[in-house]
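Worksheet: one structure, shown below.
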2 protein chains.
Amino acid sequence: MTEKADKIKKTEEKIKDENTIFIGNKPSMQYVIAVVTQFNSNGCNKVFLKARGRTISRAVDTAEIVKNRFMKNIIIKDIQIGTENLTNEEGRKSNVSTIEISLLNNNKSNSTKNK
Amino acid sequence: MTEKADKIKKTEEKIKDENTIFIGNKPSMQYVIAVVTQFNSNGCNKVFLKARGRTISRAVDTAEIVKNRFMKNIIIKDIQIGTENLTNEEGRKSNVSTIEISLLNNNKSNSTKNK
């Protein structure tokens, strides 16, 4: 039972890793294209956006642009925020805020419920 | 029935306005102090953080600092993101992303349930 649960958890984590887009310092539009590609070409019905520090606002921009301009059927399923401990090159520790936005393709999840 | 619902809605909106802290360009710590004051001195059990554009990451920082360092009993109840249309001085329109983070004082909401 526990093994099975473990296996399911690991599979879920693997799927999540593959569907995660990390937001960096490029223009938002590049991440928008990445999200749309992930949904359309790779057939995912869930995409996760992860960002930390100052790029958090770019993650929100990306989610909003995808939802409002490109894929009206996308819903923002969940937003989680958190804190990560970083150690820089000089050995100084600092905290940085993180965000994880889960986007769900509403059409696909309805039509492939039994998949 | 509808009138009553309207009244309740208006009261809720009024409370929300009073408990909302708008995040601007000051250092995060100033907003942290504002949140803690709102919870402790003004006796609120819910505080809303609102931010737009680049200050979104500061809103996340504020929520995380309050939760991790100052008030361990705070929970992040809800996070909403959205888009606002702005018209600048030259009449050009632009979209800006927004975030609203709802913080709940878990202790207070348990102890004053009948209030």
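Numbers below:
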| read-out | value |
| --- | --- |
| Among B:3-9, A:64-70, the order from most to least packed when residues are scored by Cβ within 10 Å on average | A:64-70, B:3-9 |
| Projected label distance in nm at residue A:41 and residue A:5, using a 7 Å step from Cα toward the beta-carbon | 3.9 |
| Label point 7 Å beyond Cα along the C-beta direction, distances from residue B:93 to other copies (nm, shortest first) | 5.0 |
| Average beta-carbon neighbours from other chains, 10 Å sphere, peptide B:47-57 | 3 |
| Dipole magnitude (debye, nearest 20) for the protein assembly as shown, charges at Cβ of Lys, Arg, Asp, Glu | 460 |
| In order through the stretch B:44-59: 3J(HN,Hα) via Karplus (6.51 cos²θ - 1.76 cosθ + 1.60), integer Hz, x for Gly, Pro | 6, 10, 9, 10, 10, 10, 10, 8, 9, x, 5, 7, 4, 5, 5, 5 |
| Amide H within-cut-off set for residue B:20, under 5 Å, with H built and near neighbours excluded | B:48 |
| Ellipticity estimate at 222 nm from DSSP helix runs (n ≥ 4, -39,500 (n - 2.57)) divided over the protein assembly as shown, nearest 500 | -12500 deg cm²/dmol |
| Relative contact order of chain B, defined on C-alpha pairs under 8 angstrom at six or more residues apart (%) | 25 |
| Phi-based couplings in Hz for the stretch A:68-74 (Karplus 6.51, -1.76, 1.60; Gly and Pro marked x) | 8, 10, 10, 9, 5, 8, 6 |
| Exposure proxy ranking, count of Cβ atoms within 10 Å, fewest first, for A:103, A:86, B:104 | A:86, B:104, A:103 |
| Square roots of 5 times each gyration tensor eigenvalue, C-alpha, the stretch B:2-106, largest first, Å | 24, 21, 11 |
| Cross-link pairs beyond the 29 Å C-alpha cut-off, checked among A:10/B:46; A:77/B:4; B:14/B:77; A:14/B:26; A:67/B:16 | A:10/B:46; A:77/B:4; A:14/B:26 |
| In sequence order, calculated HN-Hα J values of the stretch A:84-89 (Karplus, 6.51, -1.76, 1.60; Hz; x Gly/Pro) | 10, 8, 10, 10, 7, 4 |
| Electrostatic dipole magnitude of the stretch B:2-106 [Cβ: Lys, Arg +1; Asp, Glu -1; Cα centre; debye, to 20] | 220 |
| Nearest beta-carbon to the A/B symmetry axis - residue in chain A, distance in Å | A:79, 2 |
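Taken together, the values in this text are just the output of simple stated rules run on the coordinates, not laboratory data. This structure is a prediction, so every number in the text was calculated from the model and none was measured. Note: ideal-geometry Cβ built from the backbone for every residue, glycine included; neighbour counts use all protein chains shown.
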